[in-house]
1. Any chance segment B:198-220 includes a residue that's touching a Leu at 6+ places or on another chain (Cβ under 8 Å) and either at pLDDT 75 or above or at positive phi (or both)?
2. Inspect segment A:99-113 for any residue being at pLDDT below 65 and among the hydroxyl-bearing types (S, T, Y) and give the result as yes or no.
3. All but one of (1) hydrophobic (A, V, I, L, M, F, W, C); (2) more than 7 Å from every other protein chain (Cβ to nearest Cβ); (3) without any contact (Cβ under 8 Å) to a residue 40 or more places away in the chain hold for A:F12; which doesn't?
4. Only residues that are modelled with pLDDT of 75 or more and of a type in the set (K, R): list them for segment B:65-117, please.
5. Counting only residues that are within 11 Å of another protein chain (Cβ to nearest Cβ) and either in a loop (DSSP other than H, G, I, E, B) or modelled with pLDDT of 85 or more (or both), how many does segment A:159-173 have?
6. Just the residues that are in a helix (DSSP H, G or I), more than 8 Å from chain B (Cβ to nearest Cβ) and modelled with pLDDT of 85 or more, please, taken from segment A:38-57.
7. Within segment B:149-181, which residues are farther than 20 Å from B:W321 by Cβ and hydroxyl-bearing (S, T, Y)?
8. Restricting to segment A:58-79, name every residue that is at pLDDT below 70 and either assigned to a helix (DSSP H, G or I) or over 23 Å from A:Y38 (Cα atoms) (or both).
Amino acid sequence: MDKKQARAFEGFVAESGDMLLRIATLLTCDVHIAEDVYQETLQRLAGRWARVDNPRAFCRRVMHNIVIDQQRARLRRPPELELYAGYDSRDPRAGDPLAAVELRPPLLAALGTLSPQQRAIVVLRYFDDRSEGEVAQLLGVSIGTVKSTASRAVARLREQPGLGALLATTDSH
Amino acid sequence: MPATDEDLLRDLMHRATGDLRARSEITTGIVTASRRRHVRGRALGIGVTGAAAAAAVGVAAVASSASGSGHAARPGNSGQAIQLTAAQRTLKHLSARAAAAAAPVGPWVKMTEQAGGQKKTTIIDTRNGNVWTYQPDAGKGVPPVLFSKAGMPTAAQLAAYPTSTASLRVFLIRQARQQQAQAEREMLAQAAKLPKRLRHLKRITMASQPKETSNDWAFSQTAYVLWNPEISPSLRAALLKVIAATPGVAVNSHATDSLGRPAVEISRYDPQAKYTEAVFEAPDATRVLETDSMEPATPARNGLPGEKAYQLYDTYLSITWSATRPSA
């Protein structure tokens, strides 16, 4: 990587880094592991920077690959977390960092009950706002699979005590 | 407005992660590390440090890795590669042909090349290794003329290279390791400037460097030196013998370069760095027509599509020698 490329790379990370880290967090269900995945992803991106047409899409795919590999390698179970019981949608802290810290454990715990594939589909579809077609292409599955997996995954999340409560309380406003 | 589960989930995911910020120091560490390979890229000089050599000849790498241009697939080059003994026979034959070629008369060399869609002219004074690189269409931020004092090996330095296959091989491996060590020292010096809590990055980036074997070094270094337009027929002959003595080299004597010129393709897959390096030698064994770096397509796995193969190439258009300084 020469100076010019390094600048472009840094520009891309400045623009997309936060979002990539957030996606990594949702995919791994752990903030610390997410940071490792994020770093590894950027490292692979840096190695191929000149050849990558769409860095964002490249990162999405690489992150998913790493998560799958980790899952295979260690069959790591997400840490057991106490599920958050209730959530008040009128909470003035909503949207601020404290709220994020409180919301995160139940959300990540619930996402942790999904398979990596389901998680990837939920995160790419609803968090990263990719179309069904894009998600299908990225993960190499059919659009029908994306649709059915997404709806099954959302139903499953709804069943999670912590998250179900959050979704239900937010629903009632 | 009744919110769907999907909307609620979207909102929740955004709020639950909205405070997460990527640390910019991670980027700094990665950029520092990935510049290392670039530093080693075309380091040829033995009398100069890796950095100086790279600053001088690295311009080739700059242009060759310019974005996008490496993706073009090259048609009609799928000839079968001959393995091992047949490959060795071809290389020995090439070596003999190289040795019989007339020595060029200098001291000036002018080379034109095309890399990443950009034309470039290099003028070398082989007496002192001074290099001028002209790249008029390199784009913003790149000076149209780059001068580097002693950026290339001098004719005297090249004449001092060992000529027997075994000692040249040892010499090249040592040279590659020295350049690598120099590049690593520079990288470590940069990493030492990182804040303390990010020092682990250093360990990670060092550990992620491929562990090349002697054979890997022998081939890659020989390929680097072979590319140098200053190489004399006898050194070229010796280099080809070093390649013949390196396991894992494939030779396709009916190849063509990206301009369709007939060439002998000499390639080797580096299992550590996971890419194939190829040199397209002119059939008369007088010069290199093109150097390629190829990474194979990654097969689909885990139900995910693989990544497409890519190829970077530097195509050398002409090499001319002259007694007086040629014009660019």
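1. yes
2. no
3. (3)
4. Result: B:R89, B:K92, B:R97, B:K110.
5. The qualifying residues number 2.
6. If the condition is that a residue be in a helix (DSSP H, G or I), more than 8 Å from chain B (Cβ to nearest Cβ) and modelled with pLDDT of 85 or more, then A:T41, A:R44, A:L45, A:P55, A:R56, A:A57 are the ones that fit.
7. Within segment B:149-181, B:T163, B:S164, B:T165, B:S167 qualify.
8. Scanning segment A:58-79 gives A:Q71, A:R72, A:A73, A:R74.
The values are calculated or read from the model by the stated rules, or taken from the named source; none is laboratory data. Note that the coordinates shown come from a computational prediction; the quantities given were computed from them, not determined experimentally. Positions of Cβ are generated from backbone atoms using ideal geometry, with glycine treated the same way; all protein chains shown enter the neighbour counts.
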